[in-house]
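As structure tokens, the structure follows; a few thoughts come after it.
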């Protein structure tokens, strides 16, 4: 898979919760979780399930940074 996006994080699917239209996919990235909201159709077409190796691609303009 080749993408122009630079923010790519390899990980493992920890859980998938599919609703009527949307799904929540939790991906373990080196002990940290990233949660993605994607369509239920995308879960089906990608064959996502717990334990699958995936790559999370983050759109840089949608990332927030917080500080205490």
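Only the coordinates and a few stated rules stand behind these numbers; no lab work does. Since the structure is predicted, the reported quantities are computational estimates derived from the model, not experimental observations. Ideal geometry is used to build each Cβ from the backbone, glycine not excepted, and the neighbour counts take in all protein chains shown.
Given labels modelled 7 Å from the Cα in the Cβ direction, how far is it in nm from residue 9 to residue 52?
1.9 nm
If you count, for each residue, the other Cβ atoms within 10 Å and average over each peptide, how do 48-55, 9-16, 59-66 line up from highest to lowest? Before the final figure, lay out each step's value.
Numbers: 48-55: 12.5, 9-16: 15.4, 59-66: 5.9.
Packing proxy ranking, top to bottom: 9-16, 48-55, 59-66.
May I ask you to give the average projected area over all directions of the convex hull of the Cα atoms of the chain, in nm² rounded to one decimal?
Details: hull surface 22.9 nm².
With the hull built on Cα positions only, its mean projection is 5.7 nm².
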